[in-house]
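These notes are about the structure you will find just below.
Nothing in this text is a laboratory measurement; each read-out follows from the coordinates by a stated rule. For clarity, every value in this text was computed on a predicted model and none was experimentally measured. A quick note on method: Cβ atoms are made from the backbone with ideal geometry, for glycine too, and the neighbour counts reach across all protein chains shown.
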Amino acid sequence: MSVQLRRLIDEQNTLWKRMQDIQAAAETENRDLTAEERTNWDQAEERLTVVSGDIERLNRMAQLSQVDRSQIVSTTGEPEGDRRGGDAEEQTRRYNEAFGIYLRGGMDRLSPDQRNLMMDHQVDLRAMGAGIDTAGGFTVPDEFRNLMTETMKAFGGLLGLAEVITTSTGADLKWPTNDDTANEGELLGENQPAGEQDLELGGKTLKSHIFSSKQVKLSMALLQDSAFNLDQWVPKKLGERIGRRAARAFTTGTGADEPQGLTTGAVVGKTGAAGQTTSIVYDDMIDLEHSVDSAYRANGRYLLHDQSLKVIRKLKDGQQRPIWVPIPAPGFPATINGFPYHLDNSMPQPGAGNKTIAFGDFKAGYVIRQVQAVQTLRLVERYAEFLQVAFLGFARMDGGIQDSAAIRLYQHPGA
């Protein structure tokens with residue numbers, strides 16, 4: 001853990017203690033906050049919001065810096081850490097080198113051997129769907145793809161929580177769905193036959209929707225600067241953009257020509273009482289937790305927008321204890337009512353009729369299909385007069401509810 005992160009955690013806990021002391025003093029004397037106390041509270045809360053956001057960002061950066069290269073899947077389909085044989089390693093090294101030259105200078109900068117090596121990894125993007133009129137894309141090298149994927153997880157909300165399955169092609173994938181929590185076994189008497197109860201399996205088809213990063217333009221002068229780490233910068237930017245767009249699809253997607261979003265497919269476990277269009281009460285949080293079958297609550301966590309967290313931070317339980325608890329010590333997560341939470345600003349904000357908070361076991365309840373190969377394009381001619389080169393990334397994914405009993409939503413009333 002970095003010194004900066006440790007310092008921010010200490011400051012977060014100090015600010016929270018100060019706010020609790022201010023409130024406790026007023027409650028002990030059975031009075032409202034004084035003007036000075038309210039000013040001090042507001043200042044502490046404002047700073048607490050900033051510090052908590054900085055902690056989230058540093059944790060995201062730490063996640064990106066801890067790329068597990070031992071599990072990188074090579075273009076041959078084998079884990080790179082388990083590969084043996086100089087030929088495969090040399091082939092990978094040569095392709096990585098050729099791809100780096102291609103990013104900076106395009107195909108013209110490659111030697112004939114390097115050009116042939118790149119062409120062996122070319123992907124026909126026209127086969128991926130309508131609307132793409134460019135034929136030339138290239139499968140990115142292992143480390144480039146791994147960094148891009150980890151960045152997508154860091155910014156992709158459910159992508160870091162759900163069950164993720166990876167396929168080598170984008171063909172439609174039939175995926176079973178099931179809720180078997182109401183069924184149970186039986187107690188058999190001696191020499192009695194076992195009963196029958198079939199699994200009631202549903203099903204969905206996971207497709208391979210194309211998520212684009214949009215174009216990222218760089219000047220040719222910057223590309224020629226060897227001090228600029230292009231191999232790190234480009235995959236992070238492409239991954240951030242795709243991750244943010246995918247996060248929105250996985251939370252609010254309609255399921256028609258895009259993933260089935262969490263708020264679209266999951267069941268509402270608790271609806272707030274009339275008047276709670278932007279608020280929530282403690283009892284509703286308890287009802288939401290218990291709307292999820294106890295078999296899933298052991299792995300339960302919250303998923304919500306930062307504005308929803310702001311509302312929850314003000315809630316207290318029946319003993320007047322805040323249900324939001326900041327990081328108690330380095331290495332431990334902040335919690336809501338004892339459960340960890342994950343911020344995803346693609347979730348709806350508090351508002352009339354909005355489904356703003358999800359609770360449950362997201363790995364059991366939501367599945368994301370991801371096609372392994374990530375493609376990138378280098379667009380030269382289009383921006384040549386501006387002395388710029390554009391990069392464009394593609395990822396192919398789909399998602400939806402796979403176990404409807406594992407996740408429940410909180411919905412604000414319509415009025």
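Here are some notes:
- Anchor K310: lysines whose Cα lies under 19 Å away (excluding residues fewer than 8 positions away in-chain): K17, K355
- Projected-area average for segment 1-65 over all orientations - Cα convex hull basis, square nanometres: 4.6 nm²
- Residues I242, I336, ranked from the fewest to the most other C-beta atoms within 10 Å, line up as I336, I242.
- Evaluated over the Cα positions of segment 341-409, the convex hull gives a direction-averaged projected area, one quarter of its surface, of 8.0 nm².
- Between helix 230-252 and the chain there is an angle of about 50 degrees, using the helix long axis and the longest principal axis of the Cα atoms.
- Cα-based helix-to-principal-axis angle, 3-28 vs the chain, degrees rounded to 10: 20 degrees
- Of N146, N345, N116, the one that fluctuates the most in a GNM where the chain has Cα springs shorter than 10 Å: N116
- The simple Förster model, with R0 at 35 Å and r as the Cβ-Cβ distance, assigns T205 and N345 a FRET efficiency of 0.75.
- When L158, L379 are sorted by how many other C-beta atoms sit within 10 angstrom of their C-beta, beginning with the fewest, the order is L379, L158.
- Translational diffusion of the chain, µm² s⁻¹ [Kirkwood Rh, Cα pairs; Stokes-Einstein; 37 °C; 0.692 mPa s]: 135 µm²/s
- Neighbour-count ranking [beta-carbon atoms within 10 angstrom, fewest first] of T277, T251: T277, T251
- Along the chain, longest interval not containing exposed GluC sites (Glu not before Pro), exposed being DSSP loop plus at most 15 other Cβ atoms within 10 Å: 201-415
- Cα-based helix-to-principal-axis angle, 86-105 vs the chain, degrees rounded to 10: 90 degrees
- Relative packing of 392-401, 312-321, which averages over residues the other C-beta atoms within 10 Å, highest first: 392-401, 312-321
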